[in-house]
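For reference, the structure discussed in these notes is given below.
The values are calculated or read from the model by the stated rules, or taken from the named source; none is laboratory data. Nothing here was measured: the structure is a model prediction, and the numbers come from that model. Counting neighbours? That spans all protein chains shown, and the Cβs are built from the backbone with ideal geometry, glycine included.
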Amino acid sequence: MIRHLRAPLAAALLCAAVTMPAWADGNEDNLACYEEFKEGGDERLAIYYCSRAIESGDLADADLITALLNRGVAHKMSGNLKMAVIDYTSALKLSPDDALILANRANAYRELGELDKALSDIDRSLSLAPERAASYYVRGAIYEAQGQGAKAAQDFAKAYELDPENTDYKSKAGAQ
C-alpha cells in the first residue's frame, strides 16, 4: 500500500515544483525597486525590492550603486533620513566621485540639521558637476538654513538659470 502512495505523491510534488514561480534574481528585484519610483509607487515596496537586490549578491557594482541610491531615495521619501544617509554612504564607497549621490546625501544631511556635512558634500558635488541645477538648489537650501540669505539667493538664481522650467527653482529665485 505504501508503494502505491509514493508514486502519486512524487508526481504531485513534481507538478508543484514545475508550476511554482522562480524566485526573482537581484537584477529583477533592482528593476522592481526602480518601478516603484514611478508615479503612484510605494516607497516601502521600493525599499523591499532594493534590499532583496542588494542582499542577492547578483549585482555588478554599477547596479549595486543604483540599488543603494534608489533605496536611499526611498528611505528619504519615507522619512528615514538616517537610513538614507547610510545607503548613500555605502554607494559612495563604491563610487566616491558621483555628484548625484553626494548631492542626495547633502540634502539628507540638510534635513537632519547636519549643515556642515551637508555643505561639504554639496560643494564636492558641485566641483564634480557644476552644471547640475539641483545641486545649486540644495546648496541654496543649506545656506538658507544657515541664515546666509545672500548666498542662498545666489544659488537659487543659478539653479533657475540652469533650469528655467523648474517651478521650485523659479519660485526660490523670485523670478516672475
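Evaluation of residue 121 against the conditions (1) within 30 Å of residue 52 (Cβ to Cβ); (2) surrounded by fewer than 24 Cβ atoms within 10 Å (Cβ to Cβ); (3) acidic (Asp, Glu) shows that the sole unmet condition is (2).
Exactly one residue among 109, 88, 49 is farther than 25 Å from residue 137 by Cα and among the hydroxyl-bearing types (Ser, Thr, Tyr), and that residue is 49. Is it the case that some residue within the stretch 124-143 is of a type in the set (Asp, Glu) and either under 18 Å from residue 75 (Cβ atoms) or part of a helix (DSSP H, G or I) (or both)? Scanning the stretch 124-143 turns up no residue that is of a type in the set (Asp, Glu) and either under 18 Å from residue 75 (Cβ atoms) or part of a helix (DSSP H, G or I) (or both). Screening residue 88 on (1) outside the structural domain of residue 37 (by TED's automatic domain parsing); (2) surrounded by 17 or more Cβ atoms within 10 Å (Cβ to Cβ) shows it passes everything except condition (1).
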